[in-house]
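Participant: Just passing along the structure, written as structure tokens.
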Amino acid sequence: MAPSLENLLVVGVASSALFDLTASDAVFHAEGEQAYRAYQETHLDEPFAAGVAFPFLRRLLSLNALAPLVEVIVLSRNSPDTGLRILRSAAHHGLGITRAIFTEGRAPHEFMPALNMSLFLSANENDVRKATLAGLPAGQVLKSSFRDDDDPALRIAFDFDGVLADDTSERIYQSGGLDQFQQHEATNVVTPLDPGPLRNFLAGVNRIQRQAEDRIRVSVVTARSAPAHERAINSLKAWGLTVNDAFFLGGLKKAPILDVLKPHIFFDDQRGHLIQTVPCVHVPFGVTNE
């Protein structure tokens, strides 16, 4: 019997995040749905190339060699017949993806709670925003020039405010500036922030790390600096979560750090912090996205 989804880290992925659909999308937008259907049928046995989220998901799924830890489910706007190529491509690349939902144009995020998903990745900005507005953990993968490496270990990086934590402190910063933000954080240093959209995803990653500690490294890369760093650390402790590295940059650019870390995925709520040299995900949550 397959393990219950409640016991696994469950990630939903759109085909647009998992594979490079450039050619297919061009056919759809230039020639319409019928031409798209014909194109997919003609190219059914031609695997899609890897997309932005592929390095991350490939490593995540490889952890199932240790124990049943992860489930990746395709959530796609394709119809069942045009979606055949997606699962064939997954099998070609050796990805252990066996479950898929094809909704033929319907926004797929509605099915996330039923499948116990703690993350949904898509290149479709509209789908991601709808999911986020519904209070669901979602992110838009952005185009990347990242070249995958041979390291089997998975490297994940998160921004803090608006990603792991809610945007309460970010709202103080946006309305009152740095001095008011620092004062607010010092006053509330022992009061944990409320969880943000990806808090539960990090909890799932931590759960996996207990069985595969040397296979995953988690970093926080945030614009916070001392003394505001203490509240971030205290919040993680209060949530019962841990990270391997924390970079409190105090407004310095994140790009040089990310270029050294080379994460297989980086989550941030502000597009200005996302770069093309690593696989980046925009989490459209909170005041910076209103």
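The values are calculated or read from the model by the stated rules, or taken from the named source; none is laboratory data. Fair warning: this is a prediction, and the values are worked out from it, not measured in the lab. Every residue, glycine as well, gets a Cβ built from its backbone with ideal geometry; the counts of neighbours run over all protein chains shown. With ligands, DNA and RNA removed, areas are computed over all heavy atoms of the protein, side chains included. Shrake-Rupley method; radii C 1.70, N 1.55, O 1.52, S 1.80 Å.
Participant: Looking at (1) under 27 Å from Asp150 (Cβ atoms); (2) surrounded by 16 or more Cβ atoms within 10 Å (Cβ to Cβ); (3) among the hydroxyl-bearing types (Ser, Thr, Tyr), which is the only condition Ser24 fails?
Facilitator: Tallying (1) under 27 Å from Asp150 (Cβ atoms); (2) surrounded by 16 or more Cβ atoms within 10 Å (Cβ to Cβ); (3) among the hydroxyl-bearing types (Ser, Thr, Tyr), Ser24 fails exactly one: (1).
Participant: So, one more: Listed residues Ala50, Ala38; which is open to solvent by 30 Å² or more (accessible area, probe 1.4 Å), over 30 Å from Gln211 (Cα atoms) and of a type in the set (A, V, I, L, M)? Break it down stepwise before answering.
Facilitator: Details: Ala50 fails: over 30 Å from Gln211 (Cα atoms).
Result of the check over Ala50, Ala38: Ala38.
Participant: If the Cβ limit is 7 Å and pairs must be 6+ apart or interchain, which residue in the range 258-272 that is of a type in the set (Val, Ile, Thr) pairs with which residue that is part of a strand (DSSP E or B)?
Facilitator: Ile265/Ile156; Ile265/Val281
Participant: How many residues does the range 45-87 hold that are under 17 Å from Ser122 (Cα atoms), in contact with a helix residue (DSSP H, G or I) (Cβ under 7 Å, 6 or more places away or on another chain) and of a type in the set (Ser, Thr, Tyr)?
Facilitator: 1
Participant: Is it true that some residue in the range 117-129 is modelled with pLDDT of 95 or more and under 26 Å from Leu252 (Cβ atoms)?
Facilitator: no
Participant: What's the total number of residues in the range 263-280 that are touching a strand residue (DSSP E or B) at 6+ places or on another chain (Cβ under 8 Å), surrounded by fewer than 16 Cβ atoms within 10 Å (Cβ to Cβ) and in a loop (DSSP other than H, G, I, E, B)?
Facilitator: So the count comes out to 0.
Participant: Something else about it: Just the residues that are small (Gly, Ala, Ser), touching a Phe, Trp or Tyr at 6+ places or on another chain (Cβ under 9 Å) and closer than 28 Å to Cys280 by Cβ, please, taken from the range 23-52.
Facilitator: If we filter the range 23-52 for residues that are small (Gly, Ala, Ser), which is where we start, we get 23-24, 26, 30, 32, 35, 38, 49-51.
Applying the additional criterion that residues be touching a Phe, Trp or Tyr at 6+ places or on another chain (Cβ under 9 Å) yields 23-24, 35, 49-51.
If the condition is that a residue be small (Gly, Ala, Ser), touching a Phe, Trp or Tyr at 6+ places or on another chain (Cβ under 9 Å) and closer than 28 Å to Cys280 by Cβ, then Ala23, Ser24, Ala49, Ala50, Gly51 are the ones that fit.
Participant: Also, I was wondering about something else. Does Ser225 count as modelled with pLDDT under 95, out of contact with any helix residue (DSSP H, G or I) (no Cβ under 8 Å at 6 or more places or on another chain) and open to solvent by less than 60 Å² (accessible area, probe 1.4 Å)?
Facilitator: Details: modelled with pLDDT under 95: yes; out of contact with any helix residue (DSSP H, G or I) (no Cβ under 8 Å at 6 or more places or on another chain): yes; open to solvent by less than 60 Å² (accessible area, probe 1.4 Å): yes.
Yes; evaluated as a whole, the condition is true for this residue.
Participant: Checking the structure you have, find out if any residue of the range 94-106 is in contact (Cβ under 8 Å) with a residue 40 or more places away in the chain and either of a type outside the set (A, V, I, L, M, F, W, C) or at positive phi (or both).
Facilitator: Scanning the range 94-106, I find no residue that is in contact (Cβ under 8 Å) with a residue 40 or more places away in the chain and either of a type outside the set (A, V, I, L, M, F, W, C) or at positive phi (or both), so the answer is no.
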